[in-house]
Amino acid sequence: MNPQQPQRREPQSPYPTATTAAEARELAQNMMDVMSALLGVIERETELVRAGKLREAMAFEPEKTALSRRYVGAVGHLKASHKYLAQSAPELLTALHRHHDTFRAMLQINLTVLATAHAVSEGIVRGVNAEMQRRNIPNTYTAAGRRATPGPRHITPLSVSRSL
C-alpha cells in the first residue's frame, strides 16, 4: 500500500507575471517611481515632525496611504515576476534591491522620528495627568500616620480633544 502524497501547488498570484523584457522594465520602473514618490512624502513628513509641525505632517496621511497601497501592489507584481526577472534581467533586480535598501533606511529614520514624537507627546500627557491627579487628591492620613490611598471618586479622568 502506497499512500498518495498530496501534490503541493504553488499559490496562484493575483498579479500577472512579466513575460517580456519590456514588461520587466515597466515593472521595475513602476516600483522605482512608487518608492521615490513614497520616499519624498516620508522625507517631508520626517522634516515636519522634527520641526514640531505635526498638523502639517498629518496632511500627508492620505497621499502616504495611497502611495503605500501602490507600493504593496508593485511588490506583489515583482514577486510574481521574480523568477523571470532573476533569469532575464538580474542587473535590473540588483538595481531594485539597492534602491529598496535606501528606501528601507529612510523609512527606518521616519519610524524612529515618529516613535520619538509619540513618546514625547505621551510623556507630556502623562505628566499633565499626574499633576492634575496630585492636585485633586486630598492629603489625608490614616490612624497609623500613613498617607491614605484615595478612592476612585477622587480620581478625575483626563480628556483630550483630538480635533485641535
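The values are calculated or read from the model by the stated rules, or taken from the named source; none is laboratory data. Because the structure is a prediction, the values reported are computed rather than measured. Methodologically, a virtual Cβ is constructed for each residue, glycine included, from the backbone with ideal geometry; neighbour enumeration extends over all protein chains shown. Accessible surface is based on the protein model in full, side chains and every heavy atom, while ligands, DNA and RNA are left aside. Shrake-Rupley method; radii C 1.70, N 1.55, O 1.52, S 1.80 Å.
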Selection count where residues are modelled with pLDDT of 90 or more and either open to solvent by less than 40 Å² (accessible area, probe 1.4 Å) or in contact with a His (Cβ under 8 Å, 6 or more places away or on another chain) (or both), scope the range 1-35: 5
Residue, farthest from L54 (Cα to Cα), within the range 136-163, restricted to residues that are of a type in the set (K, R) and not in a loop (DSSP other than H, G, I, E, B): R147
Pair list, Cβ under 8 Å, 6 or more apart: the range 17-44 residue under 11 Å from H77 (Cα atoms), other residue open to solvent by 70 Å² or more (accessible area, probe 1.4 Å): T17/K83; A18/E26
